[in-house]
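A.B. asks: Below you will find the structure I want to go over with you.
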Amino acid sequence: MCKNFTFVILLLCITMLTTSSSFAQAKIAYVNMQQLVISMPEARKAYDSLQHYQQALIKDGQALVVAYQARAAEFDTLQERYSPAIREVKMKELEQAKNNIEEFRQRMEQQLSVREQELTSPILVKVKKAISDLAAEKGYVCVLDNSKDIVITATCEDLFQAAKQRLGIK
């Protein structure tokens, strides 16, 4: 019994030593993904393209608002002359125009979100591949994104400059 117990303890010690030595060899690095993406020329082009798209959508939305305001002003001016039935129809038309503006705003937000995803996805794929290749090349098992709130230790290496060079960013 004592022999078995000693053997189990010895086996546990060997397992712990092996595990701790493999953890000690794990290299961890960090990079600020947000800064890296922002520093890419492709990101600036994507941002500009998204801004132009947004301005075009806003212009369309403003046209709806102007049309609504004109109809509302006309209603305010002429409502005394309208019969109750016509007044009710005009009020429903104004309410529908108001609802159309809200629906347009919601669709615009969705369209902007989809467009942003379309523009940024290839950039993020490129950055992630560069960081992954760099990590494999330098022997890192983990690369943390320090643009999020994480703790970075003194034993971690910053891959920001190396990643910029890998991506050809000056």
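A.B. asks: Just tell me which lysines come within less than 22 Å, Cα to Cα, of Lys128; anything on the same chain fewer than 8 places away is out.
C.D. replies: Lys27, Lys45, Lys138, Lys148, Lys164, Lys170
A.B. asks: Straight-line reach only, C-alpha to C-alpha below 15 angstrom: list the aspartates and glutamates that Lys129 could link to, leaving out same-chain residues fewer than 8 apart.
C.D. replies: Those aspartates and glutamates meeting the cut-off are Glu137, Asp145.
A.B. asks: Tell me the net charge near Leu124. Cut-off is 12 Å between Cβ atoms, Leu124 excluded, with +1 for each Lys or Arg and -1 for each Asp or Glu.
C.D. replies: Once positives and negatives cancel, what remains is -1.
A.B. asks: As an exercise, use a Förster radius of 30 Å and the Cβ-Cβ distance of Leu78 and Ile58 to find the FRET efficiency, rounded to the nearest 0.05.
C.D. replies: Details: r = 30 Å, r/R0 = 1.01.
Computed FRET efficiency for Leu78 and Ile58 comes out at 0.50.
Readers should treat all values here as calculations from the given coordinates under stated rules, not as data from a laboratory. Because the structure is a prediction, the values reported are computed rather than measured. All Cβ positions, even for glycine, are placed from backbone atoms using ideal geometry, and neighbour counts span all protein chains on display.
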